[in-house]
1. Given the conditions (1) within 7 Å of chain B (Cβ to nearest Cβ); (2) buried (at least 17 other Cβ atoms within 10 Å of the Cβ), and given that residue A:302 satisfies all but one, which numbered condition is not satisfied?
2. Name the residue, out of B:194, B:150, that is in contact with a Phe, Trp or Tyr (Cβ under 9 Å, 6 or more places away or on another chain) and more than 21 Å from residue B:246 (Cα to Cα).
3. Among the residues of the range B:145-180, how many are away from every other protein chain (no Cβ under 13 Å) and without any contact (Cβ under 8 Å) to a residue 12 or more places away in the chain?
4. Give, as residue ranges, the helices (runs of 4 or more DSSP H) completely inside the range B:183-291 that count at least 1 residues that are touching a residue at least 60 places away in the same chain (Cβ under 8 Å), of a type in the set (Phe, Trp, Tyr) and surrounded by 23 or more Cβ atoms within 10 Å (Cβ to Cβ).
5. With (1) under 24 Å from residue B:135 (Cβ atoms); (2) within 13 Å of another protein chain (Cβ to nearest Cβ) as the list, and residue A:311 as the residue in question, which single condition is left unmet?
6. Look at the range A:273-299 and say how many of its residues are away from chain B (no Cβ under 14 Å), of a type in the set (S, T, N, Q) and either farther than 13 Å from residue A:82 by Cα or outside any helix (DSSP H, G or I) (or both).
7. Among the residues of the range A:79-87, is any among the small types (Gly, Ala, Ser), over 19 Å from residue A:254 (Cβ atoms) and either more than 18 Å from the chain's Cα centre (by Cα) or away from every other protein chain (no Cβ under 14 Å) (or both)?
8. Please specify each residue of the range B:225-280 satisfying the condition of being over 13 Å from the mean Cα position of the chain (by Cα) and aromatic (Phe, Trp, Tyr).
Amino acid sequence: MSSQAPAPTTPHPSPARAEDEPEATPFKLSAWLSTQGIVIFTIALVLFAVVFVDGFASLPNLTDVFNRAAPIGIVAAGMTFVVISGNYLDLSVVAQVATAAVVLIAVTNAVGLLPAILLAIAIALVYGLVNGVAVGVFKANAVIVTLSTTFIGLGLLRWLTGGSIYFGDSDGPIRTFGTTRIGPLPLSMVLFVVVTILLSLVFTRTNFGFMVRAYGSNREATRLAGVNTPAVVIGAFTMSALGAMLGGFVLAAFSNTAVSSMSDGYDFRALAAIIVGGTSVFGGRGSVMRTLLGVVFVSVLTNIMVLTGLGFGFQQMAIGLLIVLAVSVDALARKTRSS
Amino acid sequence: MSATESTSPAGEQTPASDGLIERGRRILSRRTEGRAVGLLMVVWVFTLLFEPLVWTSYEVTLGRIALVGLVALGLTAVILMGELDLAVASTLAVAGVIMASFDNLLLGVIAALATGLLVGAVNAFFVVIVGINSFIATLGMLFFLRGAAFVISGEQPVRIADVDAGIAFGQPVIGPLTPRMLIFIVAFVALYIFLSHIRVGREFYAVGGNRQAARDAGIPVTRRVFTGFMISGFISALAGVVNTLERTAADPTAGSTVLLASFAAAIIGGVLLNGGRGSVFGTLIGASALGMLQVALTLSGVQVDVQNIVIGGVLLLAVITDPASLRAATVTARSLMQGRAAQQDTGGVRLFAHRHPRWGPHVHRTREMTRCASDT
């Protein structure tokens with residue numbers, strides 16, 4: 001703290017474990033499930049759906065799954081940064097997605113596309129800054145902070161819009177984006193994959209990504225190493241905010257409408273996708289690519305429930321259960337790793 | 001036992017030889033309710049100036065305080081141990097729906113309260129036995145229970161079978177006090193006695209202050225955490241029952257504003273989120289301030305959306321003016337002021353900084369160090 005640069009070797013009392021390869025440690029079911037299980041589960045779920053669920057393996061249904069998965073996936077990819085930085089989650093994505101969608105449609109109608117996008121980016125930066133400063137500088141609990149910013153943001157949005165629905169231009173660029181398809185893949189899905197790859201590169205190839213991981217696995221060590229930790233947290237929340245903004249754009253383009261309640265449930269769907277993908281809520285472990293798998297899993301699960309006639313209530317129950325189960329497996333895996 | 005005494009807010013020994021002012025200051029510095037008192041004062045001044053109706057129609061105000069305060073009381077027990085129960089609002093909704101789906105009122109109430117206890121026990125199981133962070137465990141529970149409330153109710157409000165009982169429940173019994181306020185007062189007194197005069201309750205402070213120390217001192221931490229979550233679950237279920245009786249119908253979407261307001265009440269009342277400090281009095285003051293604020297906003301015709309903005313703002317303010325948060329912010333600000341951050345900082349968010357000659361070696365050292373320090 002007082003020294004100019006930290007000494008090369010810190011006497012940090014950490015359990016000096018070597019980088020453990022999965023093969024090197026004895027086989028532990030919970031550890032294996034928490035890291036590799038999702039691949040098997042996703043394949044099994046898709047196979048199950050193809051064989052047993054009527055109407056799943058039809059082209060219109062698959063396009064629908066993709067259309068619904070894309071915005072959630074983009075939101076989840078951005079939020080992965082917050083989760084890996086050890087700050088649990090960003091509940092305020094609900095408010096951010098709705099705000100971005102309404103801004104995109106309403107401001108495009110009133111002024112134009114470019115001002116709408118610029119305004120949405122500015123709003124996303126404000127969200128990232130407010131959440132990031134409260135969590136990174138004031139070290140406040142991320143769940144409480146983002147809970148309050150959700151209510152502030154949604155309250156502002158509903159107050160300003162009066163809860164009204166905005167319809168986009170019937171042949172504008174937003175509509176074009178929402179309806180263009182490449183084979184069965186809607187353009188939004190392509191955007192989702194591109195965003196995931198980009199964020200994955202940011203995560204694995206840049207210092208920022210590295211520091212997010214370092215901060216998530218050991219805050220104190222990262223701070224002592226001279227990293228500007230508040231900036232890392234603000235950066236992580238800004239990533240989440242930009243992801244939520246893009247997700248809002250995609251959602252608005254898909255339906256060509258925007259209303260303040262359209263993003264209900266995005267917080268826990270995105271969180272479920274991240275956690276099921278194998279990213280640890282305890283911070284430090286995970287990747288953006290895993291989130292992609294998690295998104296597929298959660299979307300297919302939701303689609304199966306819709307096809308079999310289970311309503312929103314059942315979906316919430318299932319996803320709540322999924323979150324708790326996935327985190328339990330992760331927690332048990334950590335226990336077996338450390339013992 | 002010694003751990004209990006040193007961490008409880010009232011149990012510290014003070015040399016009585018100092019002057020009265022000095023002693024007063026020391027007592028004040030040990031209390032954590034300051035922010036709640038401040039907010040209450042502001043609310044008082046504003047309501048007296050702009051909305052005196054809050055005072056003249058005090059039955060409404062008291063009822064609102066009781067609603068916010070009841071849930072906040074249960075939260076206090078959990079937060080004192082350094083845990084968090086985000087599921088309170090969903091527990092409230094689910095308990096109301098379960099109660100309304102029984103034909104017999106008494107059976108319904110019993111089932112609802114039992115549900116609350118069960119929810120608390122399940123939360124505690126995931127937190128202490130499985131070892132999940134309580135934010136995430138109770139968040140999963142929040143979604144699960146909200147879904148359950150929708151499923152049980154068929155996604156629409158359920159009328160209770162015995163509407164007359166509900167109407168009778170809303171009438172004052174002693175003076176202006178309705179049963180809801182009496183229940184709140186009983187819960188407050190019971191929790192106060194429990195947390196400050198009964199050993200099990202006093203040990204909550206020890207568990208929250210330093211869990212390992214509490215365990216070493218022989219306190220059964222696991223049992224205490226179970227007790228805390230079950231208190232919280234029970235009280236939120238009770239709030240759900242009271243709510244449903246007063247409205248004569250159970251709403252599966254009930255409680256989202258309650259969640260926010262009760263958290264704000266407990267946190268601004270000085271219950272430290274890290275655990276170990278706080279009191280039910282602080283929660284009472286916080287709940288009074290927020291209840292009055294809500295009633296004042298409603299009476300002045302402010303929309304629900306704007307109320308949510310105000311209460312969300314209060315909650316955000318409450319968490320960042322927490323003593324620990326202020327300390328953290330001061331440390332950051334000081335290091336920025338002295339320019340150390342500028343010198344030491346490797347440019348945390350500078351992309352591709354390792355390509356930069358000035359930042360390069362340092363960054364690589366940082367990488368190695370953090371890799372050694374973390375065990376992933």
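1. (1)
2. Values: B:150 fails: more than 21 Å from residue B:246 (Cα to Cα).
Result of the check over B:194, B:150: B:194.
3. Let us first name the residues in the range B:145-180 that are away from every other protein chain (no Cβ under 13 Å), namely B:157-180.
Checking the rest, the ones that are also without any contact (Cβ under 8 Å) to a residue 12 or more places away in the chain come to B:164, B:168, B:171, B:173-175.
Selection size over the range B:145-180: 6.
4. Values: elements: B:199-209, B:211-216, B:221-247, B:256-268.
Hits in the range B:183-291: B:199-209, B:221-247, B:256-268.
5. (1) is the only condition that residue A:311 fails.
6. Residues in the range A:273-299 being away from chain B (no Cβ under 14 Å), of a type in the set (S, T, N, Q) and either farther than 13 Å from residue A:82 by Cα or outside any helix (DSSP H, G or I) (or both): 1 in total.
7. Step one: filter the range A:79-87 for residues among the small types (Gly, Ala, Ser), giving A:85-86.
Filter once more, so that each one left must be over 19 Å from residue A:254 (Cβ atoms): A:85-86.
Imposing the further condition that a residue be either more than 18 Å from the chain's Cα centre (by Cα) or away from every other protein chain (no Cβ under 14 Å) (or both) reduces the set to none.
The answer is no, given that none of the residues of the range A:79-87 is among the small types (Gly, Ala, Ser), over 19 Å from residue A:254 (Cβ atoms) and either more than 18 Å from the chain's Cα centre (by Cα) or away from every other protein chain (no Cβ under 14 Å) (or both).
8. Passing the criteria: B:226, B:234.
Computed from the coordinates by the stated procedures, all read-outs in this text should not be read as laboratory data. In this text, all values refer to a predicted model and were calculated from it rather than measured experimentally. Cβ coordinates were reconstructed from backbone atoms using ideal geometry, including for glycine residues, and neighbour counts include every protein chain displayed.
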